[in-house]
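Read-outs: derived from the displayed coordinates by stated rules, not from any lab. Given the structure is predicted, the values throughout are model-derived calculations rather than measurements. So basically every Cβ, Gly included, is an ideal-geometry build from the backbone, and we count neighbours across all protein chains shown.
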Amino acid sequence: MAMHLQNHIDGRWVDSVSGETFDDTDPANGELIATATKSTTADVDRAVEAARKAYDGWRLYPAPKRGEILFRAGQILVERKDELAREMTREMGKVLAETRGDVQEGIDMTYYMAGEGRRQFGDVVPSELPNKWAMSMRHPVGVVAAITPWNFPLAIPTWKIMPALVLGNTIVFKPASYIPLLAVRLVQVLEEAGLPPGVLNLVLGSGAELGDHLVTHPGIDLISFTGSSDTGSHINEIAGKLLKRVSCELGGKNAIVVMDDANVDLAVEGILWSAFGTSGQRCTAASRVVADRGVATELVDKLVGRTKKMRLGHGLDDGTDIGPVVSKAQLEKVHSYIPIAEKEGATVAAGGKVPSSGALAKGFFHEPTILTDVKPNMRVAQEEIFGPVASVIEATNVEEAIRVVNSTKYGLSCSIYTQDVNKAFQFMRDAECGIVYVNAGTIGAEIQLPFGGMKSTGNGHREAGRAAMDVYSEWKSIYVDFSGKLQRAQMDTLEKTGTAP
Ligand code: UN1
């Protein structure tokens with residue numbers, strides 16, 4: 001029997017005030033996994049109210065103790081890794097090895113941020129005046145709206161929730177409506193780890209219906225969003241007007257450059273993994289390959305050969321290389337790019353089809369696709385497709401390759417395959433991307449470094465690593481004058497204070 005999933009508000013599992021539900025289904029075969037409560041703006045109000053009420057208590061709870069709760073949550077995630085990965089594969093389609101990786105990334109982030117319970121360093125610096133103390137410390141932002149996507153159902157929520165919690169913020173968590181089960185699982189883990197009621201509230205439902213209300217709610221101080229650049233821009237607009245803090249992690253049009261001195265077989269492995277892992281539904285996915293002319297024919301031949309051998313199937317089946325995309329709408333969007341590409345002069349060198357018979361026809365499958373004869377300004381080379389489609393563009397040297405890499409509005413991840421250290425360093429310096437790889441694909445960022453991108457990939461913030469701490473806290477500079485008299489910074493001389501040497 002299908003499960004029923006509820007909101008979590010003020011420590012209680014509750015249905016939406018509307019009493020309505022939506023279906024949570026397996027994108028590989030349409031099977032019903034669960035029904036989920038369909039929230040309304042009134043449920044958002046209740047969640048925000050609970051988070052506000054819990055804020056002072058949580059803010060004043062010692063940070064090392066907050067860290068201990070996260071540490072326990074990390075341990076529970078370790079124990080449940082397999083179970084969570086299997087549920088995730090059913091819920092959003094990516095293959096088991098990848099959903100295990102997703103849970104692992106969540107564990108890594110949880111442990112990393114648990115450690116911040118005893119760090120959260122500020123500065124203690126000398127004052128320019130005698131008998132005066134100067135230091136800075138972090139202060140929580142308040143109530144955070146964590147709005148998360150479906151492609152990393154566990155990892156991405158932990159990037160937002162764990163730093164927010166350890167810094168003393170409370171949260172309203174609104175996950176994408178395709179993955180209510182994994183969101184419930186994460187909240188259960190934190191609840192079992194000892195998180196007090198109201199600190200983390202979960203609202204299930206549609207972003208289109210709840211998003212604006214949540215973002216503009218006077219009780220929300222910070223919006224942390226991962227998703228499309230269009231939605232990110234809209235959130236910035238409506239929240240910026242209210243001077244709310246906004247951190248956005250948005251689209252990508254990531255490229256892998258292969259120079260003629262590269263180890264081509266290694267590059268092929270990196271391209272297949274980065275272009276087709278998670279069925280291309282990563283913001284870090286490689287959707288462009290920039291091939292040096294000297295190596296283009298060999299590279300394309302090898303890529304096409306390997307792509308044609310990749311097996312579509314249910315992500316829980318052993319032999320599957322690529323699972324379905326998440327939904328019908330997503331499948332239609334991905335597939336719509338094939339005629340767009342052909343019309344602009346590109347060639348479908350591998351894949352390009354939606355399987356229409358057998359078991360695959362029951363799910364949202366798209367063949368892994370390689371497009372050749374692509375020019376840098378074509379739509380398939382500029383727009384984020386978010387599916388298993390990679391476009392090969394040719395370039396004559398490393399300078400041209402870098403220009404192509406930088407020629408989109410996005411700037412998340414990029415990579416170069418070369419044995420030439422000079423070209424590698426030139427690329428590392430000139431690529432306009434937040435994440436750069438050398439001799440590795442564009443996916444697989446580790447949580448201890450900043451994650452995010454330049455240009456329209458974001459709005460200047462970074463998730464993960466130490467950088468995440470800056471999103472979920474405000475800096476507070478504190479001066480303590482223990483001289484017992486008026487001292488005027490920038491004006492009083494040491495002669496006047498009587499402390500000149
Ligand atoms: C995303 O697709 O939004 O670097 C995140 C990676 C993963 C995270 C991807 N660690 O591919």
Report summary line: For the pair residue 304 and residue 446, the simple spin-label estimate (label points 7 Å beyond Cα toward Cβ) gives in nm 3.8
Requested in this report: First obtain the Kirkwood hydrodynamic radius of segment 429-501 from its Cα pairs, then insert it into the Stokes-Einstein equation at 10 °C and 1.306 mPa s, and state the resulting D in µm² per second as a whole number.
Outcome: 94
Query raised in the report: Using a Förster distance of 51 Å, how high is the FRET efficiency between residue 297 and residue 474, based on the Cβ-Cβ distance and rounded to 0.05?
Result: 0.40
Query - 11 Å beta-carbon shell around residue 177, net charge (K/R +1, D/E -1) - result: -1
Query - For segment 351-426, convex hull volume per residue from C-alpha positions, Å³ - result: 124
Query raised in the report: Hull surface divided by four, with the convex hull built on the Cα atoms of segment 248-368: how many nm²?
Result: 8.7
Query raised in the report: For all pairs of alpha-carbon atoms in segment 351-501, what percent lies in each bin of width 5 Å, listed from the first bin to the last filled one?
Result: 2, 7, 11, 13, 12, 10, 8, 7, 6, 5, 4, 4, 3, 3, 2, 1, 1, 0, 0
Report summary line: In whole angstrom, the spacing between the Cα centers of segment 66-143 and segment 384-458 equals 27
Query raised in the report: What nm distance separates the two modelled labels at residue 344 and residue 438, each placed 7 Å from Cα along Cα→Cβ?
Result: 3.2
Query raised in the report: Hey, what do the phi angles of segment 452-459 turn into as Karplus ³J(HN,Hα) couplings, whole Hz, using 6.51/-1.76/1.60 and θ = phi - 60°, x for Gly and Pro?
Result: x, x, 8, 6, 6, 6, x, 10
Query raised in the report: Can you run phi through the Karplus equation (6.51, -1.76, 1.60; θ = phi - 60°) for segment 212-228 and list ³J(HN,Hα) in whole Hz, with x for Gly and Pro?
Result: 4, 5, 5, 5, 8, 4, x, x, 9, 9, 9, 10, 10, 10, 10, x, 6
Query raised in the report: When you take every Cα atom in the chain, what is the radius of gyration, and what is Dmax, the widest Cα pair distance, in Å?
Result: 24.7, 90
Report summary line: Non-local residues with an amide H under 5 Å from the amide H of residue 13, with H modelled 1.01 Å from N and Pro and chain starts lacking one, are none
Requested in this report: List 416, 338, 223 from most exposed to least, where exposure is judged by having the fewest other Cβ atoms within 10 Å.
Outcome: 338, 223, 416
Report task. Please find the FRET efficiency linking residue 3 to residue 208, where r is the Cβ-Cβ separation and R0 is fixed at 22 Å, and quote it to the nearest 0.05. Result -> 0.35
Requested in this report: Holding the Cα-Cα limit at 27 Å, pick out from 309/455; 244/476; 174/353 the pairs that are longer than that.
Outcome: 309/455; 174/353
Query - Exposure proxy order (Cβ contacts within 10 Å, fewest to most) of 87, 209 - result: 209, 87
Query raised in the report: Dipole magnitude of segment 254-438 about its Cα centre, charges +1 at Lys/Arg Cβ and -1 at Asp/Glu Cβ only, in debye to the nearest 20?
Result: 620
Query raised in the report: What is the order of 22, 386, fewest Cβ neighbours within 10 Å to most?
Result: 22, 386
Query raised in the report: Please identify the chymotrypsin sites (Phe, Trp or Tyr not before Pro) of segment 452-501 that satisfy two criteria: DSSP loop assignment and at most 10 other Cβ atoms within 10 Å. Which are they?
Result: 482
Query raised in the report: Under 19 Å from the 7 Å Cα→Cβ point of residue 65, by amide nitrogen: which residues of segment 101-115?
Result: 114-115
Query - Volume per residue that the Cα convex hull of segment 377-466 spans, once the total is divided by residue count, Å³ - result: 114
Query - Between 0 and 90°, nearest 10: helix 293-308 axis offset from the chain longest Cα axis - result: 80
Report task. Could you grab the relative contact order for the chain? Cα pairs under 8 Å, six or more apart, rounded to a whole percent. Result -> 18
Report task. For residue 5, enumerate residues with amide H under 5 Å from its amide H, sequence gap 5+ or separate chain, H modeled in the peptide plane. Result -> 35, 36, 37
Requested in this report: Multiply the residue separation of residue 79 and residue 233 by 0.36 nm, subtract the distance between their alpha-carbon atoms, and state the gained length in nm to one decimal.
Outcome: 51.6 nm
Query raised in the report: For segment 254-438, with the dipole built from +1 on Lys and Arg beta-carbon atoms and -1 on Asp and Glu ones, taken about the Cα centre, which of 387, 299, 273 lies farthest toward the positive end?
Result: 387
Query raised in the report: Cα to Cα, under 14 Å, and not fewer than 8 places away if on the same chain: which aspartates and glutamates meet these conditions relative to residue 81?
Result: 98, 102, 105, 108
Query raised in the report: If you look at just the Cα atoms of segment 119-211, how large are its Rg and its Dmax in Å?
Result: 17.7, 60
Query raised in the report: Check residue 132: other-chain or 5+ apart residues with amide H under 5 Å from its amide H, H built from backbone geometry?
Result: 482
Query raised in the report: How much length is gained if the chain between residue 318 and residue 455 is pulled fully straight, taking 0.36 nm per residue apart and subtracting their Cα-Cα distance, in nm to one decimal?
Result: 45.4 nm
Requested in this report: Before rounding to the nearest 500, sum -39500 (n - 2.57) across all DSSP H runs of length at least 4 in the chain and divide by the residue total; then give [θ] at 222 nm in deg cm²/dmol.
Outcome: -12000 deg cm²/dmol
Report summary line: Calc'd 3J(HN,Hα), segment 266-283, phi into Karplus 6.51 cos²θ - 1.76 cosθ + 1.60 (θ = phi - 60°), Hz, glycine/Pro = x, comes to 5, 4, 4, 4, x, 5, 4, 5, 7, 7, 10, x, 6, 6, x, 9, 10, 5
Query raised in the report: What GluC sites (Glu not before Pro) does segment 8-80 have in DSSP loop regions with at most 15 other beta carbons within 10 Å?
Result: 20, 31
Query - Among 217, 256, 286 - extreme Cα towards positive end, dipole of segment 208-289, charges at beta-carbon - result: 217
Query raised in the report: To the nearest 10 degrees, how steep is helix 155-166 against the longest Cα principal axis of the chain, on a 0 to 90 scale?
Result: 0
Query raised in the report: Nearest 0.05, what FRET efficiency do residue 41 and residue 261 give at R0 = 56 Å with Cβ-Cβ as r?
Result: 0.45
